Amino acid sequence: MYRSSSAWPPTRWSFARSARDRRRPTERINQVAAAVSGHWRRYGFGWRVIVPKGAQEPVGIVMLNYLGEGTARLDPGEFEIGWWLLPAMWRLGLATEAAAAICSEAFGRVRAPSVVARVQPENRDSATVAARLGMAHEFDTTERFGEPVSVYRLVAPELVGRAS
Ligand SMILES: CC(C)(COP(=O)(O)OP(=O)(O)OC[C@H]1O[C@@H](n2cnc3c(N)ncnc32)[C@H](O)[C@@H]1OP(=O)(O)O)[C@@H](O)C(=O)NCCC(=O)NCCS
């Protein structure tokens, strides 16, 4: 259903940007693409494109990456998942299907003990995806510039019920 990041055409995508991010869109896209490719090379996992069955073109992205710095109360070494679809592809179940697949990869091949998702409190559709995956709301915190964010977590099935 989804392919590796090598099929990802970064110049055709736009990203939600922080209002404080003053970089030009092309500059930001190139930096994100370099970071995503670098993450794949360094760690052997990363972002993947979502390609519906029978289609040729990507319609979204599903992410698996180390969280990195900037979120209060969260370790930069946490495994983070995320999802993004073209608006025309919303309400088809694609995000949940792709996110479930990336969780399988995270808990299987990558051996992540758990994954977190950061969701802006007003993003109900994204919170619903997290809930459909079985993620539990852990706490609310802030991002680098003080933006509020809710943290959801899913523990690897074999570790559920064990003390951390
Ligand atoms: C967040 C986002 C990915 C959610 O997309 P979505 O299409 O609503 O999510 P899903 O793939 O889980 O689809 C679920 C919907 O598809 C419907 N659906 C239709 N056919 C389905 C099927 N075969 N299987 C499952 N669900 C199906 C469900 O009923 C549900 O609709 P509802 O909420 O109206 O009941 C999308 O809104 C998005 O890309 N937003 C912009 C980027 C973003 O905010 N990313 C997250 C940052 S934290």
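Coordinate-derived values only; no laboratory data. Since this is a predicted model, take the numbers as computed values, not measurements. So basically every Cβ, Gly included, is an ideal-geometry build from the backbone, and we count neighbours across all protein chains shown.
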(message) Run the numbers for ALA131 and ARG109: contour at 0.36 nm per residue of separation, minus the present Cα-Cα distance, in nm.
(response) 5.6 nm
(message) Explain nothing, just compute: Karplus ³J(HN,Hα) = 6.51 cos²θ - 1.76 cosθ + 1.60, θ = phi - 60°, for every residue of the range 55-69 in order, whole Hz, x for Gly and Pro.
(response) 9, 10, 9, x, 10, x, 9, 10, 10, 9, 7, 5, 4, x, 6
(request) Compute the projected area of the convex hull of the Cα atoms of the chain, averaged over all viewing directions, and report it in nm² to one decimal place. (result) 9.8
(message) For Cα pairs less than 8 Å apart in space and 6+ apart in sequence, what is the mean separation divided by the residue count of the range 2-159, i.e. the relative contact order in percent?
(response) 17
(message) Order these by the 10 Å Cβ neighbour count, fewest first: TYR66, TYR152, TYR43.
(response) TYR43, TYR66, TYR152
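Given the -39500 (n - 2.57) contribution per DSSP H run of 4+ residues, what per-residue ellipticity at 222 nm results for the chain, rounded to the nearest 500 deg cm²/dmol?
Theoretical 222 nm ellipticity from helices: -8500 deg cm²/dmol.
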(request) List every residue whose amide H lies under 5 Å from the amide H of ALA112, counting only residues 5 or more places away in sequence or on a different chain, with H placed 1.01 Å from N in the peptide plane. (result) PHE107
(request) Between GLU138 and ALA100, with labels modelled 7 Å along Cα→Cβ, what's the label distance in nm to one decimal, could you check? (result) 2.3
(request) With a point put 7 Å past each Cα toward its Cβ, work out how far GLU147 is from ALA35 in nm, to one decimal. (result) 1.1
